[in-house]
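The values are calculated or read from the model by the stated rules, or taken from the named source; none is laboratory data. Here the structure is a predicted model, which is why all the values come from computation and not from measurement. Cβ: placed from backbone, ideal geometry, glycine included. Neighbour counts: every protein chain shown. The protein model used for the area step is the full one, side chains on, heavy atoms only, and it has no ligands, DNA or RNA in it. Shrake-Rupley method; radii C 1.70, N 1.55, O 1.52, S 1.80 Å.
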Amino acid sequence: MRFGSSQVIAAAVTMMLATAIGMGQRASAQRGQPPASTKPKMVEDVFKNVQALKGIGVDDFLLTMGIMSAAVGSDCVGCHPSAGTDHVDWALDTPRKRTARRMVQMVTAINRDTFNGRQVVTCWTCHRGRDRPVTTMTLDVVYGPPTDESDDVLTQAQGVPSVDQVLNKYLQAIGGAQNVARVTSFVATGKSVGYRGFGGGGVAEVSAQAPDKRATHISFPEYPDRGVSVRTYDGRTGWIATPLAVVPKYELAGSERDGARLDAMLSFPTQIKQALMNLRVGPPSTIGDKDVTVLQGNGPNGTLATLYFDDASGLLARMVRHGRSPIGRVPTQVDYSDYRDVGGIKFPFRWTFAWLDGRDNFEFSDVKLNVPIDAAKFGEPNVAVAAPK
């Protein structure tokens with residue numbers, strides 16, 4: 001159940017370090033529902049001076065920028081002088097951009113030559129949020145408590161509940177499988193607050209329709225000049241609109257499109273087995289002071305989804321989705337709480353949505369089930385594209 005993104009800090013971070021590539025002009029997006037033969041533009045069709053990351057969609061490119069930014073603990077200005085102003089030249093080569101290109105090539109070569117092409121080594125492997133990788137351990141770390149970091153890909157654990165037992169407990173906890181199966185749509189409305197309070201006052205609406213349509217619309221009545229942030233998926237294609245960002249609107253072409261479909265299907269819990277393959281239960285874990293049971297499955301094109309169920313209540317406490325990029329997996333995390341009864345179904349009224357472009361807190365005040373939703377809600381956002389720079 002992802003898709004809660006108001007993108008409140010994306011003006012600074014969606015631009016994320018365009019480290020390996022200079023960023024240029026956004027080509028004009030087509031209007032309306034695209035025909036089946038229409039192909040989303042690739043990064044080299046949209047940005048200038050693409051060298052190391054050709055052949056991927058705009059969504060995968062921006063996710064890659066997010067990985068780089070998080071790995072080295074920097075932001076756009078680190079590679080693009082005057083980023084955040086009208087005077088920035090995204091295509092300008094700088095020493096750090098040239099270094100980043102070499103690092104992309106280095107990581108690709110290591111994985112190709114040493115690990116048969118598997119993405120074992122990434123930017124995060126060495127940098128861990130630092131501009132310069134740590135080269136020597138500290139004794140406090142050596143003799144301190146171990147770092148609790150689980151692997152991205154889980155294997156079936158022994159002595160744990162079966163997949164069916166975990167899912168049956170979850171469906172029973174939220175209202176029973178038959179009642180849950182009767183839900184074919186919902187509209188949740190409320191407010192959103194971005195990371196550290198940025199973007200406060202957002203009015204959020206999340207709409208979903210079975211089996212695979214979903215949309216999030218966020219407006220800012222107190223700041224009308226900010227425009228509207230939108231994420232949509234109509235069962236075939238998706239869009240992201242982010243006012244104030246370098247790319248105000250783009251069609252999903254890669255990992256984000258696969259994720260959008262997965263998120264839409266997981267909006268309806270009875271579809272977990274249809275959305276994910278090779279389901280397995282991992283070792284017991286904890287979130288804060290809660291014991292949780294961990295269920296993981298494979299989505300399309302290498303996507304992973306890991307679901308964390310509260311052992312005490314059986315309710316879904318967290319979902320972590322890993323998409324793909326040329327330099328590593330891309331994490332997205334949603335935490336769910338404050339479950340309330342809505343027509344005999346328990347629905348989480350609080351979501352904390354964290355992705356590589358920020359973190360949003362959603363507090364819903366009203367949820368309606370099985371309501372008609374205009375199909376246009378899930379289509380291309382009616383958001384103007386900024387004039388070429």
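Note on segment 67-90: residues that are buried (at least 21 other Cβ atoms within 10 Å of the Cβ), closer than 24 Å to Thr332 by Cα and in contact with a Ser or Thr (Cβ under 9 Å, 6 or more places away or on another chain) amount to 6. Within segment 62-91, residues that are more than 13 Å from Leu356 (Cβ to Cβ) and in contact (Cβ under 8 Å) with a residue 40 or more places away in the chain sit with their Cβ atoms under 7 Å from residues that are crowded, with 19+ Cβ neighbours inside 10 Å and polar (S, T, N, Q), at 6+ positions apart or across chains, in these pairs: Cys79/Thr19.
Please indicate, with yes or no, whether at least one residue in segment 104-113 is touching a Cys at 6+ places or on another chain (Cβ under 8 Å), more than 30 Å from Val281 (Cα to Cα) and not in a loop (DSSP other than H, G, I, E, B). Full working, then the answer.
Start the filter on segment 104-113 by keeping residues that are touching a Cys at 6+ places or on another chain (Cβ under 8 Å), which leaves 107.
After this cut, where a residue has to be more than 30 Å from Val281 (Cα to Cα) as well, the list is 107.
Pick out the ones that are also not in a loop (DSSP other than H, G, I, E, B) and you get 107.
Within segment 104-113 (the criterion being touching a Cys at 6+ places or on another chain (Cβ under 8 Å), more than 30 Å from Val281 (Cα to Cα) and not in a loop (DSSP other than H, G, I, E, B)), the answer is yes, since at least one residue qualifies.
Out of the residues in segment 252-299 meeting the condition of being part of a loop (DSSP other than H, G, I, E, B) and among the aliphatic types (A, V, I, L, M), tell me which one is surrounded by the fewest Cβ atoms within 10 Å (Cβ to Cβ). Only one residue fits best here, namely Ala253.
Being of a type outside the set (S, T, N, Q), outside any strand (DSSP E or B) and over 26 Å from Cys126 (Cα atoms) is the requirement here; does Ala317 meet it? Show your work before the answer.
Working: of a type outside the set (S, T, N, Q): yes; outside any strand (DSSP E or B): no; over 26 Å from Cys126 (Cα atoms): yes.
For Ala317, the condition - of a type outside the set (S, T, N, Q), outside any strand (DSSP E or B) and over 26 Å from Cys126 (Cα atoms) - is not met.
Applying the criterion of being surrounded by fewer than 24 Cβ atoms within 10 Å (Cβ to Cβ) and of a type in the set (Val, Ile, Thr) to the residues of segment 226-251, the residue that is nearest to Arg329 (Cα to Cα) is Thr237. When each of Val228, Val246, Val206, Val193 is tested for being among the aliphatic types (A, V, I, L, M), out of contact with any Lys or Arg (no Cβ under 6 Å at 6 or more places or on another chain) and at pLDDT 95 or above, the lone residue that passes is Val206. A search for C-beta distances below 6 Å between a residue of segment 166-177 that is within 17 Å of Arg340 (Cβ to Cβ) and acidic (Asp, Glu) and any residue that is assigned to a loop (DSSP other than H, G, I, E, B) and open to solvent by 10 Å² or more (accessible area, probe 1.4 Å), counting only pairs 6+ apart in sequence or on different chains, returns nothing.
Filtered by the rule that a residue be open to solvent by 20 Å² or more (accessible area, probe 1.4 Å), farther than 21 Å from Asn179 by Cβ and not small (Gly, Ala, Ser), segment 300-319 gives Pro300, Asn301, Tyr308, Asp311, Arg318. Of all residues assigned to segment 38-47, none qualifies as being in a loop (DSSP other than H, G, I, E, B), at pLDDT below 50 and surrounded by fewer than 21 Cβ atoms within 10 Å (Cβ to Cβ). Would you be able to say whether some residue in segment 91-109 is loosely packed, with under 11 Cβ neighbours inside 10 Å and closer than 27 Å to Arg324 by Cβ? For segment 91-109, residues loosely packed, with under 11 Cβ neighbours inside 10 Å and closer than 27 Å to Arg324 by Cβ: absent. Taking the criterion of being under 27 Å from the mean Cα position of the chain (by Cα) and surrounded by 17 or more Cβ atoms within 10 Å (Cβ to Cβ), the only residue of segment 153-162 that qualifies is Leu154.
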